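Just below is one structure, and these are the notes that go with it.
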Amino acid sequence: MNKFSTVIGQRLLSYLLAFSFITALAAFAFILKGDYERSLSGYDQSVVQIRNSYQKSISYSLWNFDYRQIEAQLLGILNFPGVVYVFIENEDEVLHSAGDAYSHTDQHFNFPLDYESAGQAYHLGNLHISIDHTQLHNEIKQKALNILAIQFVKTFSIAVFILFIVHRIITRRLAQMADWAKKFHLNNLDTPLTTDHSSDSADEITMVVDAVNDMRYRLQQDLSLQEKSRREIEHVKEQLSIAINNAAIGFCTYHVNLDQFIGNAHFASQFGITEYELENLPHPMDALLGRIAGPDAVQQRERINKLLLGRLNRVQDSFEVRNFRDEQRFLDITLQITRYEDTRPRQILICVTDRTSESLALAKARDLAVSLENKVTQRTEELYNEQQRARAMIRQLEHELDRTQNQEQMAQQKKINELLLRQLSGACGDSPETEGRSLNAIREYLAVSASDARESVNLTSCVKHWFEENPPTAIDYELKLPFSLIIEENPDLLGFLFKHLIINEPAIQLSQALSITLRLAGDTVEFTADYQLQKELPPADESYQDISELCQQILAMRFSGHLNSEQIDEHTLRKRYTMAMRNL
């Protein structure tokens, strides 16, 4: 057993013995207390038994003066556990006794001895019992010694056995793990951690061993990846160096203590000198600051001076410089402090990208943009002037259109007025029937025009209503109407036109059938009436022609519509009039 396992074994053994001693002491005290209390309870029960068994019999023996019986009874009481002395006294006089009167006494009991004869009770004396606990104490001590001896042997045996098991299962394997850990090194990761464990079941130490081996395996993988990454980084550095050379990026390191530039060929060429001239350039940073030009030169020099003093860590900007050949260059320059010494910059990395071509192209683009913007502004002004002239022309055309519409309405109204005047002037020479029909139509139109109130009208319902008010007699008629057709118009004016153009048509008197169709054709409402004639239609009289002309003028002026009547065949007359929806 090595030192490592001995320390653990000693600690384990001491902990087990201490814990066992404490628990055994507590259990021992509990057991002894219980035994002592049970023994005391047994003494009390013995006293009760003596009183119940001997009190009356001793009283009877005293009454009869049976001394032998009394002596036997007292000896019987001495046989009870703990009783060392018993005696009978009366008025402080010992009558009978048994046992050692000088023995140690822990408890003392006395009982009265009375006898009843002829209904009268006689006090014969008192029975005294002395009890000694010495035997009880000796038994308790002996039992305590036996329990302590047995508990010590048992605890020590179990501790030794557990110590042996711990050594076999834990400490020996921990020692093997410690030996492996002492030999562990990153260059020696191929040796796995193993312990002498014969059982097939995995325990906590086996789990630790597996975890350590997994860690060893991951370390192997990490080291492999690290080595692979190192090789990749070296390869990337080579590629980056090639890319920098191909991209014409200038790199330079400024050593403050040496006051020297060390840069690549691109950096030197961007400032119009060679690498040798760059490295031997006196006070190179002052020379660089003196080459900065442009409108922001003062601010840019101030920022670089703050960087040289350590107040700024990095400066990046677009610089306009004049190189050592006095050529204008536009460079993107980044200055980054890479090393400090006593809070002051010791080494500064300078990266330069030549943007001269891009800057010149951008300047040309800005000039072109300004030129284009001027042209766009000029063209916008021309278009605005043309738009103003077009708006003036549109307003002029709108005025002319309004004037033309007014003239047309005035012409149509003039025709209606001439028609009305002609009807009124010639009314005296016409027949009474013709005169009445024309005047009634004119009067009806004037009444409708006087109360010209527009409202929502369902033409389908109106046509049905008009036929119900003036149904044609002795003729079959068919209505081909849509489900609904809503317009905004004066219903009385619509009824006037339908009545005089459809219902009062002279051809209806000569027809055997009538078919009326109402439909919406595009943006036009169209009424069509087909009259099936029984015989040839005679020429219409002059009054109906005047009413028809009045209706046609109303259609043209009010609804932008027209009236058409045509003979389809010798038995069919079709009459159609339309109304534009924009007027409804």
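Look at where the Cα atoms of the range 6-81 and of the range 518-584 average out, and the two centres are 143 Å apart.
Distance between the modelled labels on ARG443 and GLU373, one decimal in nanometres: 8.1 nm (7 Å Cα→Cβ projection). Descending by average beta-carbon neighbour count within 10 Å, the peptides 299-311, 269-281 line up as 269-281, 299-311, the highest first.
On the basis of the beta-carbon distance and an R0 of 51 Å, ASN564 and LEU383 show a calculated FRET efficiency of 0.60.
Spacing of the modelled spin labels on HIS128 and HIS283, each 7 Å from Cα toward Cβ, amounts to 13.3 nm. Highest average first, the peptides 572-580, 185-193, 559-567 ordered by how many other beta carbon atoms sit within 10 Å of their residues are 572-580, 559-567, 185-193. Between LEU309 and ILE31, full extension at 0.36 nm per residue minus the direct alpha carbon distance yields a gain of 91.2 nm. Hey, any idea what % of the chain's accessible area is carbon plus sulfur with a 1.4 Å probe? Carbon with sulfur: 54 percent of the solvent-accessible area. Taken one residue at a time, the phi angles of the range 522-536 give Karplus couplings (6.51, -1.76, 1.60, θ = phi - 60°) of x, 10, 9, 8, 10, 9, 10, 10, 10, 9, 8, 7, 8, 8, 5 Hz. Gly and Pro are set to x. Applying 1/(1 + (r/R0)^6) with R0 = 22 Å to the Cβ-Cβ distance of ASN188 and TYR15 gives a FRET efficiency near 0.05.
The label point for LEU75 and the one for GLU408, both projected 7 Å from the Cα toward the Cβ, are 16.6 nm apart. Seen from a random direction on average, the alpha-carbon convex hull of the range 303-384 projects onto 8.1 square nanometres.
Computed over the chain, relative contact order equals 6 percent, with contacts defined as Cα pairs under 8 Å that lie 6+ residues apart.
Looking at the calculated P(r) for the range 72-199, what percent of the C-alpha pair distances fall above 20 Å? Roughly 71 percent, once rounded to a whole number. The rule of thumb for compact globular proteins, 2.2 N^0.38 Å, goes into the C-alpha radius of gyration of the range 510-553 1.48 times.
Residues of the range 56-84 falling in the label zone of ASP100, defined by backbone nitrogen less than 14 Å from a point 7 Å along Cα to beta-carbon, are 82-84. Counting only whole DSSP H helices of the chain, the ones at least 30 Å long by C-alpha along their axis and with mean Kyte-Doolittle hydropathy no lower than 0.5 are 134-166.
Measuring max minus min along each principal axis, the C-alpha atoms of the chain give extents of 190, 125, 51 Å (largest first). Residues of the range 260-280 with an amide N closer than 20 Å to a point placed 7 Å from the Cα of ASP326 along the Cα-to-Cβ direction: 269-274.
The values are calculated or read from the model by the stated rules, or taken from the named source; none is laboratory data. Given the structure is predicted, the values throughout are model-derived calculations rather than measurements. Every residue, glycine as well, gets a Cβ built from its backbone with ideal geometry; the counts of neighbours run over all protein chains shown. Keep in mind that these areas ignore ligands, DNA and RNA; they rest on the heavy atoms of the full protein, side chains included. Shrake-Rupley method; radii C 1.70, N 1.55, O 1.52, S 1.80 Å.
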